[in-house]
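Visitor: Below you'll find the structure I mean.
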Amino acid sequence: MASSAEPIIREATAADLERIQAMQVALAEAEHPHDSNIDMAGIPTAEKWGHVGYVDMAAKLASEDAVVVVAEVGGRAIGVCYAEITADKAWSLVDHYGYVGCVFVESSHRGGGPQGPWPRMLAFLEAWVVSKGVSQLRLEVYSSNAAAVRAYEKAAFKPSIITMHKNLL
């Protein structure tokens, strides 16, 4: 159930990094049931990759080709995601697209309709991507994560490819 407080959506700063990293760990914990290949030992430390979480958010914060957004309620970040301008394959009709990643909203703040954190963070990312002259957004979601698939479909995302894997050893 969504919290009744309307979130503030803003571009993240370096001061948000510790909270963003904590949300990335929570995201990995939420996604692990959908993907046993997630290295849960490596996610919460910087030892393996040099950063906490899936993505080096400090690098995203410093990049001109990326934007990190937080949703804040009562002065505390309760949601995070980023968009990054990404070159597409040579055969694609679009040269670049905005890749949306690390989408996380605390469970107590999910929902809320169009004024909820996710739709408002997405609107921020859409405006930023369009300001860069890019006309398409893409993201990845686990097909078994029905709630996330529904949220993305409500936001007009459409499935386009299935990535499959096979363990050999």
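The values are calculated or read from the model by the stated rules, or taken from the named source; none is laboratory data. It should be emphasised that the depicted structure is a prediction, and the values quoted were computed from it without experimental measurement. We place every Cβ from the backbone using ideal geometry, glycine too, and count neighbours over all the protein chains shown.
Visitor: Residue pairs, Cβ under 7 Å, 6 or more apart or interchain, first in segment 145-169 and at positive phi, second charged (D, E, K, R) and assigned to a helix (DSSP H, G or I). List them.
Guide: none
Visitor: Report whether or not GLY101 is under 14 Å from ILE9 (Cα atoms) and free of Cβ contacts under 8 Å to residues at least 60 places away in the same chain.
Guide: For GLY101, the condition - under 14 Å from ILE9 (Cα atoms) and free of Cβ contacts under 8 Å to residues at least 60 places away in the same chain - is not met.
Visitor: Return yes or no: is ALA148 part of a helix (DSSP H, G or I), within 20 Å of ILE20 (Cβ to Cβ), at pLDDT below 95 and under 16 Å from the mean Cα position of the chain (by Cα)?
Guide: Against the criterion (part of a helix (DSSP H, G or I), within 20 Å of ILE20 (Cβ to Cβ), at pLDDT below 95 and under 16 Å from the mean Cα position of the chain (by Cα)), ALA148 qualifies.
Visitor: Tell me, which residue of segment 1-25 that is in contact with a strand residue (DSSP E or B) (Cβ under 7 Å, 6 or more places away or on another chain) and more than 22 Å from GLU126 (Cα to Cα) is modelled with the lowest pLDDT?
Guide: Checking each candidate, the answer is SER3.
Visitor: Just to verify a result, which residue in segment 144-158, among those that are farther than 17 Å from GLY113 by Cβ and in contact with a helix residue (DSSP H, G or I) (Cβ under 7 Å, 6 or more places away or on another chain), is surrounded by the most Cβ atoms within 10 Å (Cβ to Cβ)?
Guide: Across segment 144-158, the extreme among qualifying residues is ASN145.
For (1) within 20 Å of LEU137 (Cβ to Cβ); (2) among the charged types (D, E, K, R); (3) surrounded by fewer than 19 Cβ atoms within 10 Å (Cβ to Cβ), each residue gets a yes or a no:
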| residue | (1), (2), (3) |
| --- | --- |
| LYS60 | yes, yes, no |
| VAL67 | yes, no, no |
| GLY74 | no, no, yes |
| THR86 | yes, no, yes |
| VAL94 | yes, no, yes |
| VAL103 | yes, no, no |
| PRO117 | yes, no, no |
| LEU122 | yes, no, no |
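Visitor: Look at VAL129 and say whether it is buried (at least 19 other Cβ atoms within 10 Å of the Cβ), in contact with a strand residue (DSSP E or B) (Cβ under 6 Å, 6 or more places away or on another chain) and closer than 21 Å to SER36 by Cβ.
Guide: Taking the combined requirement at face value, the residue does not satisfy it.
Visitor: Being basic (Lys, Arg) and either within 29 Å of LEU169 (Cα to Cα) or assigned to a loop (DSSP other than H, G, I, E, B) (or both): is that true of LYS48 here?
Guide: So LYS48 passes the test.
Visitor: Moving on. Out of all the residues in segment 55-92, which are among the aromatic types (Phe, Trp, Tyr) and in contact with a strand residue (DSSP E or B) (Cβ under 6 Å, 6 or more places away or on another chain)?
Guide: TYR82
Visitor: Continuing with the same structure: With (1) closer than 23 Å to VAL55 by Cβ; (2) in a loop (DSSP other than H, G, I, E, B); (3) out of contact with any helix residue (DSSP H, G or I) (no Cβ under 8 Å at 6 or more places or on another chain) as the list, and LEU169 as the residue in question, which single condition is left unmet?
Guide: If we test LEU169 against (1) closer than 23 Å to VAL55 by Cβ; (2) in a loop (DSSP other than H, G, I, E, B); (3) out of contact with any helix residue (DSSP H, G or I) (no Cβ under 8 Å at 6 or more places or on another chain), just (1) comes out false.
Visitor: Are there any pairs with C-beta distances below 9 angstrom linking a residue in segment 108-125 that is at negative phi to a residue that is β-branched (Val, Ile, Thr) and in a helix (DSSP H, G or I), with the two at least 6 apart or on different chains, and if so which?
Guide: Once the first residue is at negative phi and sits in segment 108-125, no partner that is β-branched (Val, Ile, Thr) and in a helix (DSSP H, G or I) comes close enough.
Visitor: Any idea which residue in segment 128-143 is farthest from GLU31 (Cα to Cα), counting only those that are in contact with a helix residue (DSSP H, G or I) (Cβ under 9 Å, 6 or more places away or on another chain) and in a strand (DSSP E or B)?
Guide: LEU137
Visitor: Follow-up question, since we're still on this one. Scan segment 3-45 residue by residue and report those that are surrounded by 17 or more Cβ atoms within 10 Å (Cβ to Cβ), in a loop (DSSP other than H, G, I, E, B) and touching a residue at least 60 places away in the same chain (Cβ under 8 Å).
Guide: SER3, PRO7, ALA12
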